[in-house]
Amino acid sequence: MTDHEFISVFDMFKIGVGPSSSHTLGPWRAALDVIKKYDFANKGDQVSSIQVLLYGSLAKTGKGHGTDIAVMLGLMGFDPETIDVTLMDEMIATVSTTHQLHLNHHASIFFNPAKHIQFLKSESLPFHPNGLTFLVAFNDGNNVAETYFSVGGGFIVQEGKPLQQKEIVDIPFPINHANDLLHWCMKTGLTISSIVFENELAFRSEHDIKNGVLAIWDAMRECMYRGVHKNGMLPGGLAVKRRAYEMNKKLLKDVPYHGYKEWIYQIKKAENNFRYVLDFVSVFALAVNEENASFGRVVTAPTNGAAGVIPAVLQYYICFCDKEISDDLLAEKIISFLLTASEIGGLFKKGATISAAMGGCQAEIGVSAAMAAAGLTAVMGGSQRQVLMASEIAMEHHLGLTCDPIGGLVQIPCIERNSMGAIKAITASQLALQGTPDYAIVSLDKVIQTMWDTAQDMNSKYKETADGGLAVHVPISLSEC
């Protein structure tokens, strides 16, 4: 791996659709790449049929994660960042009943989802458990096969080459390891977020970076607010009831408010004891992942299954740590939080994995908690070493966490795990802020290495296959969340 590989904050945080970055967003983007590739070659109208083969983890839990839905929407040319999520069910139902699919909004082909999307549960491709192949047939008799791998966090690579070539650029501060990051901080005196910002400037303007990061937060908080104000059951057949709605009402004692700002004002003015704070951190995290589980718009952070941790911890800071902060200073803090968190996520992606199919849930909730702990420590005034220490503590206590979704759905235990991850992140930050990094025995680099070793040793049944853990020991008909 080159010292100049660059992972942008806008790579780590992607706006998309739930419930899974690796099983929904990744396959969706792969489908978009296939159909655009043949449109660019002026072959869109010449396609006679497309068959999709799902392998490994995508096959075993793809139904629960909506992989088939994502692939169809991608082939139709819809962007997960901008699609009207309220129309998705109707569009998929139309394809299922008419057996007609419009490739990239243009040419129509015969497409029966039950026939043309195959879940090959007993087969897996060697490069990565999340493999899928598009078999494209043309009217002239030619056929092509395009194979992709969804490697976590919405990132995809095509067989034999990266889908998007790794960014090998002349950035001022190349970083592959936590020690590299610390080196640049010590040499320049800059904070971690400033180091990240300087690297981002190699690609885009200061204005675009700041506005782009704030847009990420806007998407996170809008998702959280929507989730808090929706009631009822989640889709999928487990009869999991949304809880953020009732918890929020109970905590605020049904006080009226309108919009996000008034909601936050009411949270801040109410009681501020430990139990109240703890409950609201859970509300924030549950709300996001209940939206994610219902095919809502979320931000990968660094994945969809772990999308609630970072918003919950950042919202915790806004509501309970710095109540009187000005809007301008708050915007700076939000940018600092997310830039810091994104760099930690990049370290885990480079040194280990952010894919549950490769590393279990330690690669999702564990990484998100490490990212959130780092971001919180930074905005709370922690030193660069304390930021890295917080990240290390958070991951250290997620090592070995398995991924065992009941029914292959991102619901049990995934939704609650986001609350637990957020609380662990806050605790890790507090420990680091009260600690002395010079005396720390375990480094962030060693934890990342340990996480990767653990991932490689972990039995495949605990890696997002629904073949082990709670997924086999809790009967679906008796499941409770």
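State the number of residues belonging to segment 242-254 that are in contact (Cβ under 8 Å) with a residue 12 or more places away in the chain and surrounded by 14 or more Cβ atoms within 10 Å (Cβ to Cβ). Residues flagged as in contact (Cβ under 8 Å) with a residue 12 or more places away in the chain and surrounded by 14 or more Cβ atoms within 10 Å (Cβ to Cβ) within segment 242-254 amount to 8.
When restricted to residues that are within 33 Å of the chain's Cα centre (by Cα) and touching a residue at least 60 places away in the same chain (Cβ under 8 Å), segment 131-148 contains 8.
The set of residues in segment 121-150 that are of a type in the set (D, E, K, R) and on the phi > 0 side of the Ramachandran plot is empty.
Does segment 94-149 hold any residues that are under 24 Å from residue 61 (Cα atoms) and among the charged types (D, E, K, R), and which are they? Result: 115, 121, 123, 146. The lone criterion from (1) part of a helix (DSSP H, G or I); (2) closer than 24 Å to residue 286 by Cβ; (3) not acidic (Asp, Glu) left unmet by residue 182 is number (2). Can you confirm whether segment 446-465 contains a residue that is assigned to a loop (DSSP other than H, G, I, E, B), touching a residue at least 24 places away in the same chain (Cβ under 8 Å) and within 21 Å of the chain's Cα centre (by Cα)? For segment 446-465, residues assigned to a loop (DSSP other than H, G, I, E, B), touching a residue at least 24 places away in the same chain (Cβ under 8 Å) and within 21 Å of the chain's Cα centre (by Cα): present.
Matching residues to (1) touching a Phe, Trp or Tyr at 6+ places or on another chain (Cβ under 7 Å); (2) at pLDDT 90 or above; (3) not charged (D, E, K, R):
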{"residue": "40", "(1), (2), (3)": "no, no, yes"}
{"residue": "52", "(1), (2), (3)": "yes, yes, yes"}
{"residue": "61", "(1), (2), (3)": "no, no, yes"}
{"residue": "77", "(1), (2), (3)": "no, yes, yes"}
{"residue": "88", "(1), (2), (3)": "yes, yes, yes"}
{"residue": "98", "(1), (2), (3)": "no, yes, yes"}
{"residue": "106", "(1), (2), (3)": "no, no, yes"}
{"residue": "110", "(1), (2), (3)": "no, yes, yes"}
{"residue": "113", "(1), (2), (3)": "no, yes, yes"}
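Every condition in (1) assigned to a loop (DSSP other than H, G, I, E, B); (2) surrounded by fewer than 24 Cβ atoms within 10 Å (Cβ to Cβ) holds for residue 301 except the one numbered (2). Selection of first residues in segment 220-240 that are in contact (Cβ under 8 Å) with a residue 24 or more places away in the chain and of second residues that are surrounded by fewer than 22 Cβ atoms within 10 Å (Cβ to Cβ) and among the basic types (Lys, Arg), restricted to Cβ pairs under 9 Å at least 6 apart or on distinct chains, gives the following pairs, ordered by first then second residue: 222/297; 223/297; 226/297; 234/241.
One residue stands out in segment 241-278 among those that are of a type in the set (D, E, K, R) and touching a helix residue (DSSP H, G or I) at 6+ places or on another chain (Cβ under 6 Å): the one that is modelled with the lowest pLDDT, namely 268.
Can we say residue 195 is more than 21 Å from the chain's Cα centre (by Cα), surrounded by 19 or more Cβ atoms within 10 Å (Cβ to Cβ), farther than 30 Å from residue 360 by Cα and not charged (D, E, K, R)? Judged against the criteria, residue 195 is a match. Quick test for you: out of 374, 378, 422, 363, pick the one residue that is of a type in the set (Gly, Ala, Ser), touching an Asp or Glu at 6+ places or on another chain (Cβ under 9 Å) and touching a residue at least 12 places away in the same chain (Cβ under 8 Å). That would be 374, the only listed residue that is of a type in the set (Gly, Ala, Ser), touching an Asp or Glu at 6+ places or on another chain (Cβ under 9 Å) and touching a residue at least 12 places away in the same chain (Cβ under 8 Å).
A single member of 82, 86, 98 is under 30 Å from residue 219 (Cα atoms), among the hydroxyl-bearing types (Ser, Thr, Tyr), exposed (fewer than 14 other Cβ atoms within 10 Å of the Cβ) and over 20 Å from the mean Cα position of the chain (by Cα), and it is 86.
Once segment 114-139 is narrowed to residues that are assigned to a loop (DSSP other than H, G, I, E, B) and among the charged types (D, E, K, R), the residue that is surrounded by the most Cβ atoms within 10 Å (Cβ to Cβ) is 121. Among the residues of segment 387-404, is there at least one that is in contact (Cβ under 8 Å) with a residue 60 or more places away in the chain, out of contact with any helix residue (DSSP H, G or I) (no Cβ under 6 Å at 6 or more places or on another chain) and either in the same structural domain as residue 342 (by TED's automatic domain parsing) or not in a loop (DSSP other than H, G, I, E, B) (or both)? Within segment 387-404, not a single residue is in contact (Cβ under 8 Å) with a residue 60 or more places away in the chain, out of contact with any helix residue (DSSP H, G or I) (no Cβ under 6 Å at 6 or more places or on another chain) and either in the same structural domain as residue 342 (by TED's automatic domain parsing) or not in a loop (DSSP other than H, G, I, E, B) (or both).
Selection of segment 260-271 for residues being touching a residue at least 12 places away in the same chain (Cβ under 8 Å) and under 23 Å from residue 299 (Cα atoms) yields 260, 263, 264.
Consider residue 310 carefully, then state whether it is on the phi < 0 side of the Ramachandran plot, without any contact (Cβ under 8 Å) to a residue 12 or more places away in the chain and in contact with a helix residue (DSSP H, G or I) (Cβ under 9 Å, 6 or more places away or on another chain). So residue 310 fails the test.
The values are calculated or read from the model by the stated rules, or taken from the named source; none is laboratory data. It should be emphasised that the depicted structure is a prediction, and the values quoted were computed from it without experimental measurement. So basically every Cβ, Gly included, is an ideal-geometry build from the backbone, and we count neighbours across all protein chains shown.
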